[in-house]
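Comments concern the structure below.
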Amino acid sequence: MLELQAVHKKFGGLHAVNDVSFSVNEGTIKSVIGPNGAGKTTLFNLIAGNLPPTDGTILFQGKAIQGRKPHQVAARGMARTFQNIKLFHGMTALECVMVGCHTQSKAGFISGMLNTPFARKEEKAIRQRSMELLQLLEIEEFAEVEATSLAFGQQRAVELARALALNPRLLLLDEPAAGLNIYETAEISRLICKIREMGVTVLLVEHDMSLVMEISDEVVVLCFGEKIAEDTPENIQQNPEVIRIYLGEDE
Ligand SMILES: Nc1ncnc2c1ncn2[C@@H]1O[C@H](COP(=O)(O)OP(=O)(O)O)[C@@H](O)[C@H]1O
Ligand SMILES: [Mg+2]
């Protein structure tokens, strides 16, 4: 689904991502972990087209995408969520998801303005599809509630629904459990597994170790921009270098 080959990103003299290679197999959940400043968010920005890499190749479904713009990458079937929740003020949960669907709509801007029968029919379909996504993420009861007034865990679920509105083949999640309590984290963990069961491949950056170890098929460990380990969750937990980094962080 995704393959990184010797990907590199420099900010001035800083190697934020240094010669990183790994791949993500279709239908799996892969996680990227590492201490703060390890380069995790930068890596996501390179994959999703928010930043161009300094060097290296990124293949998505077999095609090179490095340096493409975010909307071009999204159109090929990749969606993402952000470390800080980005929902629109003054919009209901349903409307937030409908905005996600609209980026895929066929009726043009003019057609929408003129409220043609085609645009009206499409609007209805989008509303229905958005409701289905809210149901899938088990937050349909909040459809008409202003999204930014919801509890944090529910806002995360709205974000997931909005990302799924793009019909992605690959979903990038940047710290989905950030700011959530243990109950909300358990919920998100379950929802991410549900998304994988729908056939969507997931690449996740996360600080919460228990979440990562519970749901990942494979884990990549970054430290100062470099990949220092890539293995199953069981083996990563036994890896002496990984243990050293995380114990060092606790000190
Ligand atoms: N836009 C930027 N300009 C300059 N330096 C940046 C930029 N974004 C991130 N960095 C630096 O790159 C390193 C990796 O950051 P980041 O990818 O946010 O790490 P993580 O998400 O793992 O905490 C850090 O040293 C950070 O300060
Ligand atoms: Mg980050």
Note, the range 177-186: 3J(HN,Hα) by Karplus (6.51, -1.76, 1.60, θ = phi - 60°), whole Hz, Gly/Pro = x, goes 9, 4, x, 9, 7, 5, 6, 5, 5, 4
Viscosity 0.890 mPa s, temperature 25 °C: Stokes-Einstein D of the range 1-71 from its Kirkwood Cα radius, in µm² per second? 199 µm²/s
Value of relative contact order over the range 112-251, rounded to a whole percent, pairs C-alpha under 8 Å and six or more apart: 15 percent
Can you say what percent of the DSSP beta bridges in the chain, counting only those with both residues inside, are antiparallel? Round to 5. 55 percent
Taking only DSSP H segments of four or more residues, each worth -39500 (n - 2.57), what value at 222 nm results for the chain once the sum is divided by all its residues, to the nearest 500 deg cm²/dmol? -12000 deg cm²/dmol
On C-alpha positions alone, give me the angle between the axis of helix 152-164 and the longest principal axis of the chain, in degrees, nearest 10. 80 degrees
Can you put 160, 59 in order, fewest other beta carbons within 10 Å first? 59, 160
Over all directions, how big on average is the projection of the convex hull of the alpha-carbon atoms in the range 87-167, in square nanometres? 5.0 nm²
Grab the eigenvalues of the alpha-carbon gyration tensor for the chain, scale each by 5, take roots, and send me the semi-axes largest first in whole angstrom. 33, 22, 15
Just tell me which lysines come within less than 27 Å, Cα to Cα, of residue 9; anything on the same chain fewer than 8 places away is out. 30, 40, 63, 69, 86, 227
List residues of the range 1-30, by number, whose backbone nitrogen lies under 19 Å from a label position 7 Å along Cα→C-beta of residue 167. 27
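Read-outs throughout are calculated quantities, based only on the coordinates presented, and are distinct from any laboratory measurement. What you see is a predicted model; the values in this text were computed from it and never measured. All Cβ positions, even for glycine, are placed from backbone atoms using ideal geometry, and neighbour counts span all protein chains on display.
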